[in-house]
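Okay, so here's the structure we're looking at.
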Amino acid sequence: MCPIESNLQHVRREIDAAIAGRPESIRHPVTLVAVSKTRPSEDIREAFRAGQRAFGENYAQEGARKVSELADLRDQGIEWHFIGPMQSNKAAMVARHFDWVHGLDRLKIAEALSRNRPDLPMNACIQVNASGETSKGGLEPGQVLGFAREMAPLPGLRLRGLMTIIENTDDAARKRAQFRVVRERFEELRNNGFTVDTLSMGMSQDFSPAIEEGATMVRIGSAIFGART
Ligand SMILES: *Cc1c(COP(=O)(O)O)cnc(C)c1O
């Protein structure tokens, strides 16, 4: 078995273990997005052969290139997630190549993406900054509902939920608290009539606590493909 395949199996087992540790009411399935940024298309192909379908890329040009290189996997069910920060001049490229966008926090970008999806709407998650770090993108938690109301009418986007990148810390309680802030905003959206179903949170270092706090989607790179250089 190749390392990517065995890493995938290991990660999937840990995801299942974290799901089993949740209260019954939130024991729903979790989608694994394999984050393939900086990795060659051949690695993605290998993960695909091992059953992986959703892949995440951070850089518009690099991602667009891989989507094109792997175009033959399109009708076999590969799914592309854009998870990086975005400049508005890259919006058209992202809208053309990707199925999902995870880091929405500016209306101008949302509008540009929407304009470039005349047919099938793009799945979208609003990014929340739960740690308050100024280095991180995302809206303050209190801005999420207002932003959701502004972007909801855009025809080329379909709001699926929220995404976050928490602080890099060893303090387990701090991690849990930040994930919880995002889940509470997710529930706020639901309570206000939004039919959202996606809570995109958790990376290689923190996906277990994210799942325990209700994540429905985790974005995992180095635990699958190895450390990035
Ligand atoms: C790189 C990245 C990931 C994956 O990080 P790992 O630590 O390699 O699992 C997940 N989400 C975002 C937004 C990223 O940029």
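The values are calculated or read from the model by the stated rules, or taken from the named source; none is laboratory data. As the structure is a prediction and not an experimental result, all values here were calculated from the model. Neighbour counts are summed over all protein chains in view; Cβ atoms, including those assigned to glycine, are modelled from backbone coordinates with ideal geometry. Just so you know, the surface numbers come from the protein's heavy atoms only, side chains and all, with ligands and any DNA or RNA stripped out. Shrake-Rupley method; radii C 1.70, N 1.55, O 1.52, S 1.80 Å.
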Would you kindly work out the equivalent ellipsoid of the stretch 145-185 from its C-alpha gyration tensor and give its semi-axes, the square roots of five times the eigenvalues, largest first in whole Å? 29, 10, 7
Give me the distance in nm between label points sitting 7 Å out from Cα along the Cα-to-Cβ direction at THR195 and ASP16, one decimal. 3.2 nm
Loop-only check: which trypsin sites (Lys or Arg not before Pro) in the stretch 20-63 are DSSP coil with at most 14 other Cβ within 10 angstrom? ARG27
The chain: most fluctuating residue of ILE166, ILE78, ILE126 per GNM, C-alpha cutoff 10 Å: ILE78
With the crude spin-label approximation of a point 7 Å out along Cα→Cβ, what separation in nm comes out for ARG228 versus ARG115? 2.9 nm
Over the chain, what percent of the accessible surface lies on carbon and sulfur atoms, probe 1.4 Å? 47 percent
Computed on Cα atoms, the radius of gyration and Dmax of the stretch 23-141 in angstrom are 15.2, 44
Which of ILE78, GLY226, CYS2 sits closest to the plus end of the dipole of the chain, meaning its Cα is farthest towards the positive end, when Lys and Arg get +1 and Asp and Glu get -1 on the C-beta? ILE78
Could you work out the per residue convex hull volume over the alpha carbons of the stretch 89-217, in cubic angstrom? 105 Å³
Accessible area per residue for the chain in Å², computed with a 1.4 Å probe and the full protein assembly in place, what is it? 47 Å²
Förster radius 45 Å - calculated FRET efficiency between SER135 and GLU24 (Cβ-Cβ, nearest 0.05): 0.75
SER41/MET1 FRET efficiency (R0 22 Å; Cβ-Cβ; nearest 0.05): 0.60
Restricting to DSSP H runs of at least four residues, report the calculated mean residue ellipticity at 222 nm for the chain, -39500 (n - 2.57) per run over all residues, nearest 500 deg cm²/dmol. -11500 deg cm²/dmol
Pick from GLU150, GLU57, GLU24 the residue whose mean-square fluctuation is largest in a GNM of the chain, springs joining Cα atoms under 10 Å. GLU24
Taking +1 at the Cβ of each Lys and Arg and -1 at the Cβ of each Asp and Glu, which of VAL11, PRO40, ALA95 sits farthest along the dipole of the stretch 1-112 towards its positive end, judged by Cα position relative to the Cα centre? ALA95
Segment ARG53-ARG96, extension gain: residue separation times 0.36 nm, minus the distance between their alpha carbons: 13.6 nm
Quote the charge dipole size of the stretch 9-49 about the Cα centre in Debye, to the nearest 20; the model charges only the Cβ of Lys and Arg (+1) and of Asp and Glu (-1). 60 debye
Of all C-alpha pairs within the chain, those more than 29 angstrom apart amount in percent to 23 percent
Computed on Cα atoms only, the convex hull of the stretch 156-229 has an orientation-averaged projected area in nm² of 6.1 nm²
